Amino acid sequence: MPQAVPRPVGDERHRAATARLLDDLAALPPDAPVRLGKRTSNLFRQRATDAARLDVSDLTHVVDLDPVSRTARVQGMTTYENLVAATLPHGLMPLVVPQLRTITLGGAVTGLGIEASSFRSGLPHESVLEAEILTGDGEVVVARPDGDHADLFHTFPNSYGSLGYALSLTIELERVHPYVALQHVRFGSLTDVQVAIGEVMRTRAWDGETVDFLDGVVFSRDEIYLTLGRWTDSVVGQPDPSDYTGQQIFYRSLQQRDHDALTVHDYLWRWDTDWFWCSRAFGAQQPVVRRLWPRSKLRSDVYWKIVAFENRHHVIARLDARRGRLPRERVVQDVEIPLSRTAEFLDWFLREVPIEPVWLCPIQLRPTSTAGDHQTYGDAGDAPWPLYPMAPGQPYVNVGFWSTVAIEPGHEDGDMNRAIEDEVGRLGGHKSLYSDAFYDEPTFDRLYGGSEYRPVKKRYDAGGRLPTLYDKAVRRR
Ligand SMILES: Cc1cc2nc3c(=O)[nH]c(=O)nc-3n(C[C@H](O)[C@H](O)[C@H](O)COP(=O)(O)OP(=O)(O)OC[C@H]3O[C@@H](n4cnc5c(N)ncnc54)[C@H](O)[C@@H]3O)c2cc1C
């Protein structure tokens, strides 16, 4: 059934929702710790907290959308699924649409998001024009790249709600075409794929054709695919656009066909139906199970709830223990590696970590201007977003792997994640903080902009009502 087009709710309703949230906050003792009471999450670390949950269910809509200036003001807890449903009828989409439908705009900005457009458009926070933020101190401020709250604007990305909560964000949008034509190009070596990524990132083209989207999958060290996407107004070479929301499985198609075409809507959600490939852990890729599985429930948020249930009740872990199987360590991570070290990282990873497939998503900070083929970046020495310090003009590859590994005798839970942290650090990379992290505090401080973070935390959450970034990311509070 086609999804209804969500209509912008307007400023008055947004202000009423904000006022209700502030009333809820005022009803709590002034020093009571708080947390967001969201209905969905894509976080992968468990949290131990008894903080009061703020009801933010009214902050889930598009406020205004202006097709002429190609901007939208969007409430912080709006899922990308609803945001895209509101923008596509205008022929527009956010510059970067993270792959999982229930990731929210606020979550992607404060927790960082990426997608196959990130090699040309950077990260979601780089198309934010202004952010209305409820700070830890209970003030509502509007942060922009310049002006009084520029410090908050620049440290908000990767602060994971530890400085305040985005109530609304004004973002840029870009024009879409009806379809995305795909070419899956196979590579037989890690070095070859690294070189090819560099070429596409530099030229935005492959074999003389423009590339608008770029990601890839490593099935093994000699079977790697880059998927090159190109906007198109018509489907060529096949009767209809492909459909991977039912019996067909997108990631397998990479190995089965060279060319493909999807509607823009289905392209944006191509990875959600099977949570990349992770749905196989629940049997959802076995033909019989898949036929019985309601199509509307082939969604990442359904699988996330199954995992969250297991994390709470340990049913499978207990069954495994009874069968004498080794306990398992969760290894669910996305890491950013400088492009020049990507083959080296993958070589190490495929030797040391028994997880395949692995997702590749080339990213670089958004250029400050683009003229023809020439892109201009800020000063290479500056990290404009200090809590996730990527260098302007430097290409990186996000490597994503989401599974568990057996804890071999003599090892303990966390060892594999620690080894990955060490290798990522050695290669000058960074790790996303949505999942488990094990860094000691000084290392974390150095990697995630501690000296820039502390004065901003002090300014906007003087009473420490919100946990610090380290508390959230490592101590799981
Ligand atoms: C298996 C897996 C794969 C992933 N793959 C991708 C990927 O391919 N691309 C991608 O972009 N991301 C990916 N992510 C990461 C995801 O984008 C981040 O976890 C993101 O923060 C989730 O957003 P959410 O809206 O679901 O937030 P939540 O999970 O609800 O919250 C995440 C954090 O953000 C804070 N937060 C949420 N909303 C706000 C707000 N409005 N203001 C301030 N703070 C807020 C919360 O307090 C919390 O600390 C992946 C995650 C998983 C688990």
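The values are calculated or read from the model by the stated rules, or taken from the named source; none is laboratory data. Given the structure is predicted, the values throughout are model-derived calculations rather than measurements. Here the Cβ positions follow ideal geometry from the backbone for every residue, glycine too, while neighbour counts run over all protein chains shown. With ligands, DNA and RNA removed, areas are computed over all heavy atoms of the protein, side chains included. Shrake-Rupley method; radii C 1.70, N 1.55, O 1.52, S 1.80 Å.
Some observations on this one:
- Selected residue [under 23 Å from residue 220 (Cβ atoms), open to solvent by 50 Å² or more (accessible area, probe 1.4 Å) and among the polar types (S, T, N, Q)] from 333, 286: 286
- Pair list, Cβ under 8 Å, 6 or more apart: segment 403-432 residue farther than 24 Å from residue 281 by Cβ, other residue among the β-branched types (Val, Ile, Thr) and open to solvent by 20 Å² or more (accessible area, probe 1.4 Å): 425/443
Condition check ((1) of a type in the set (Gly, Ala, Ser); (2) modelled with pLDDT of 95 or more; (3) touching a Lys or Arg at 6+ places or on another chain (Cβ under 9 Å)) across all residues:
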residue	(1), (2), (3)
352	no, yes, no
367	no, no, yes
422	no, yes, no
427	no, yes, yes
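- Residue 376 vs. criteria modelled with pLDDT under 95, of a type in the set (Val, Ile, Thr) and over 23 Å from the mean Cα position of the chain (by Cα): yes
- Single residue of segment 432-446 satisfying the filter (closer than 13 Å to residue 42 by Cα and open to solvent by 10 Å² or more (accessible area, probe 1.4 Å)) that is nearest to the ligand (Cβ to nearest atom): 434
- Among (1) touching a strand residue (DSSP E or B) at 6+ places or on another chain (Cβ under 9 Å); (2) in contact (Cβ under 8 Å) with a residue 24 or more places away in the chain, the one test that residue 317 misses: (2)
- Of all positions in segment 47-64, none carries a residue that is modelled with pLDDT of 95 or more and under 16 Å from the mean Cα position of the chain (by Cα).
- Restricting segment 336-356 to residues that are touching a helix residue (DSSP H, G or I) at 6+ places or on another chain (Cβ under 7 Å) and open to solvent by 10 Å² or more (accessible area, probe 1.4 Å), the residue that is farthest from residue 398 (Cα to Cα): 352
- Residue 113 out of contact with any strand residue (DSSP E or B) (no Cβ under 9 Å at 6 or more places or on another chain), in contact (Cβ under 8 Å) with a residue 12 or more places away in the chain, open to solvent by less than 30 Å² (accessible area, probe 1.4 Å) and farther than 13 Å from residue 171 by Cα: yes
- Pair list, Cβ under 8 Å, 6 or more apart: segment 135-158 residue at pLDDT 95 or above and charged (D, E, K, R), other residue open to solvent by less than 60 Å² (accessible area, probe 1.4 Å) and more than 15 Å from the ligand (Cβ to nearest atom): 144/150
- Count of segment 85-98 residues, restricted to those that are crowded, with 24+ Cβ neighbours inside 10 Å, within 16 Å of the ligand (Cβ to nearest atom) and closer than 14 Å to residue 170 by Cβ, is 1.
- Hits in segment 53-84 - residues which are out of contact with any Phe, Trp or Tyr (no Cβ under 9 Å at 6 or more places or on another chain), of a type in the set (Gly, Ala, Ser) and either closer than 11 Å to residue 106 by Cβ or within 15 Å of the ligand (Cβ to nearest atom) (or both): 57
- The criterion of being within 17 Å of the chain's Cα centre (by Cα), within 11 Å of the ligand (Cβ to nearest atom), closer than 24 Å to residue 464 by Cβ and not hydrophobic (A, V, I, L, M, F, W, C) holds for residue 161.
- Among the residues of segment 448-466, those that are open to solvent by 30 Å² or more (accessible area, probe 1.4 Å) and part of a helix (DSSP H, G or I) comprise 451, 452, 454, 455, 458, 459.
- Output for segment 101-114, where each listed residue is under 8 Å from the mean Cα position of the chain (by Cα) and near the ligand (Cβ under 6 Å from one of its atoms): 103, 108, 111, 113, 114
- At least 2 residues being farther than 20 Å from residue 116 by Cβ and not acidic (Asp, Glu) is the threshold, and among the helices (runs of 4 or more DSSP H) wholly inside segment 257-357 those reaching it are 287-292, 300-313, 315-322, 342-352.
- Residue count, segment 1-31 (criterion: in contact with a helix residue (DSSP H, G or I) (Cβ under 9 Å, 6 or more places away or on another chain) and either over 30 Å from residue 246 (Cα atoms) or at pLDDT 90 or above (or both)): 2
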